1. Using 0.36 nm per residue, how much length does the chain from residue 37 to residue 84 gain when fully extended, once their Cα-Cα distance is taken away?
2. For a quick check of your reading of the filter: which GluC sites (Glu not before Pro) in segment 119-207 sit in a DSSP loop and have no more than 16 other Cβ atoms within 10 Å?
3. Run the Debye formula on the Cα coordinates of the chain, all scatterers equal and no solvent, and tell me log10 I(q)/I(0) at q = 0.08, 0.12, 0.16 1/Å.
4. If R0 is 22 Å, what FRET efficiency do you get for residue 29 and residue 52 from their C-beta distance, rounded to 0.05?
5. Rounded to the nearest 500, what is the 222 nm mean residue ellipticity of the chain from helices alone, with -39500 (n - 2.57) per DSSP H run of 4+ residues and division by all residues?
6. Straight-line reach from residue 14: which lysines have a Cα under 22 Å away, not including same-chain ones fewer than 8 places off?
7. Once you have all Cα-Cα distances for segment 19-100, histogram them in 5 Å bins from zero and send the whole-percent values.
8. Using alpha-carbon positions, what is the distance between the centroids of segment 80-105 and segment 1-45, in Å?
Amino acid sequence: MGKDVIVALDFDSKEKTLSFLDKFSGEERKPFVKIGMELYYAEGPAIVREIKARGHKIFLDLKLHDIPNTVKKAMAVLSNLDVDLCNLHAAGTVAMMKAAVEGLTRPDGTRPLLIAVTQLTSTDQQSMEEDLLIHEPIDKVVMHYARRAKEAGLDGVVCSPLESGKVHEACGKEFLTVTPGVRFADGDAGDQKRVMTPAQAKEIGSDYIVVGRPITQAPDPVAAYRRCVTEFVD
Ligand code: C5P
């Protein structure tokens, strides 16, 4: 898979999600979409099958984190759902990440892409030290988790677009960086603190950008999606 824009379907029901996707029915390019916890827990695996049947690639963003055996079995279920990309927390350890890769791998050797969350962007230095008792600088921790994810056989990490360059330096150009926190130059940042435009994310080397509200809340979502593709992919 090459560079792409992933649209975050942050909706709480099938009705809202499908009526949003209907706007794209006349489009030649079917958006790659992200299904997160809210929609998945509201609608279950049926929503994944339905969106897949409409021809979209799917990033299932469930951020698994449990003992290796449980994650392995859960990943086997997600693999059968035929998602294209899924994720877990690198904090679950290399053993858990390796078990996840095993669980995802189908009998024919194929599997969905698997990426790791390093430290959530909502975690700052202070909360990492106070709550997790990790006293290293946060960027060092992020790079360490990225390297461990690579060692475990994962395909990449979720990170801020500002970290894409460093992750590629540490783990190689082939190691995917999937980056949220994207806003148009003339748009509203909302609650995202450190943002980049799609063009800047392309410049810095992000492989995929995850874009929610700048597309889902736009007066013309299709036009906003096309603008993202033009800036990031074309
Ligand atoms: O609406 P917005 O473009 O901010 O949506 C970004 C999407 O990426 C949301 O689904 C959000 O949960 C997700 N995300 C994020 N920051 C992270 C990890 C995921 O914004 N560090």
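1. Details: separation 47, 0.36 × 47 = 16.92 nm, distance 1.63 nm.
Residue separation times 0.36 nm, minus the Cα-Cα distance, leaves 15.3 nm.
2. 174
3. -0.28, -0.66, -1.20
4. 0.85
5. When only DSSP H runs of four or more count, the value is -12500 deg cm²/dmol.
6. Candidates past the 8-residue exclusion: 23, 30, 34, 52, 57, 63.
7. 3, 14, 24, 22, 16, 10, 6, 4, 1
8. 22 Å
Values in this text are rule-based calculations from the coordinates and carry no lab data. These numbers were taken from a predicted model, which means no experiment stands behind them. Every residue, glycine as well, gets a Cβ built from its backbone with ideal geometry; the counts of neighbours run over all protein chains shown.
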